[in-house]
Amino acid sequence: MLFRSFSVTIYKWRQEKPIVLTSAFELGSFNIFTRGSAKEVLQFVGSQVVSHSKPGDRHAVLHKEHMCHVIVKHDHLAAAVCTDEEYPQRVAQSLMLKCIDGFANVHGEKWKQVESNTDLPTPQLAALLAKYQNPEEADDVAKINKDLGETKEILIKSIDQLLERGEKLDDLMDSAAELSYQSKAFMKTAEGGNCCSLL
């Protein structure tokens with residue numbers, strides 16, 4: 001079975017609006033003309049899930065056939081990984097923890113001073129995202145179990161359950177300034193049954 005992980009993004013958690021610190025994408029499964037829109041949508045969905053989380057949370061949020069996995073650490077460093085629905089949760093959690101560790105090793109605590117979206121160079125993210133395209137080769141259960149704790153307790157929610165009462169992802173996307181017109185159209189087309197539908 002083919003599993004896909006599309007993106008990993010590291011955030012400085014803030015409930016009102018998380019700050020993007022760095023990200024990596026694997027968009028080879030998307031048409032070349034839609035990759036820019038897919039990238040914007042992936043980052044938008046990750047930001048929404050992170051902003052509706054709190055320090056200490058680990059979520060696996062389902063929307064259509066895709067998952068957004070999130071970890072928010074107590075120091076407010078967060079990670080989001082967007083995958084297909086079948087991608088193993090434990091492996092997504094391992095990927096996020098390794099990305100957070102790699103980011104922290106390179107940048108220490110200077111991210112705490114960042115106040116707007118940026119891209120702090122972190123080459124490990126792209127390398128880890130590429131490695132984790134094959135979960136069976138990337139997953140070393142013996143090493144990650146102690147880091148993950150009880151991953152089995154991670155609740156899978158729908159995106160609508162995570163959002164505030166009355167909020168809908170479509171409405172948030174329509175009003176989102178960070179999404180281009182093309183990305184909004186891409187999302188609506190994807191939900192209409194396109195073979196490469198996304199979140």
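Would you mind classifying the stretch 1-122 by shape? Square roots of the alpha carbon gyration tensor eigenvalues, ordered a ≥ b ≥ c; an a/c under 1.5 is rounded, otherwise it is prolate if a/b is larger than b/c and oblate if not. It would help to have the intermediate numbers written out before the result.
Values: a/c = 1.61, a/b = 1.39, b/c = 1.16.
Since a/c reaches 1.5 and a/b is larger than b/c, the shape of the stretch 1-122 is classed as prolate.
Taking 0.36 nm per intervening residue step and subtracting the Cα-Cα distance, what contour gain separates Asp101 from Asp84 on full extension?
Result: 3.8 nm gained on full extension.
Distance between the modelled labels on Ala130 and Lys64, one decimal in nanometres: 2.8 nm (7 Å Cα→Cβ projection). On full extension, the segment bounded by Gln113 and Ile32 gains 25.6 nm, given 0.36 nm per residue less the C-alpha separation. So which of Lys12/Lys110; Lys54/Lys98; Lys17/Lys73 end up more than 18 Å apart by C-alpha? Long pairs (Cα-Cα over 18 Å): Lys54/Lys98. Ordered from longest to shortest, the equivalent ellipsoid semi-axes for the stretch 75-134 are 23, 12, 10 Å, each the square root of 5 times a Cα gyration tensor eigenvalue.
A simple count of charges around Phe25, restricted to other residues whose Cβ falls under 13 Å of its Cβ and scoring Lys, Arg +1 and Asp, Glu -1, yields 0.
Only the coordinates and a few stated rules stand behind these numbers; no lab work does. Note that the coordinates shown come from a computational prediction; the quantities given were computed from them, not determined experimentally. Cβ sites come from the backbone with ideal geometry, for glycine too, and all protein chains shown count toward neighbours.
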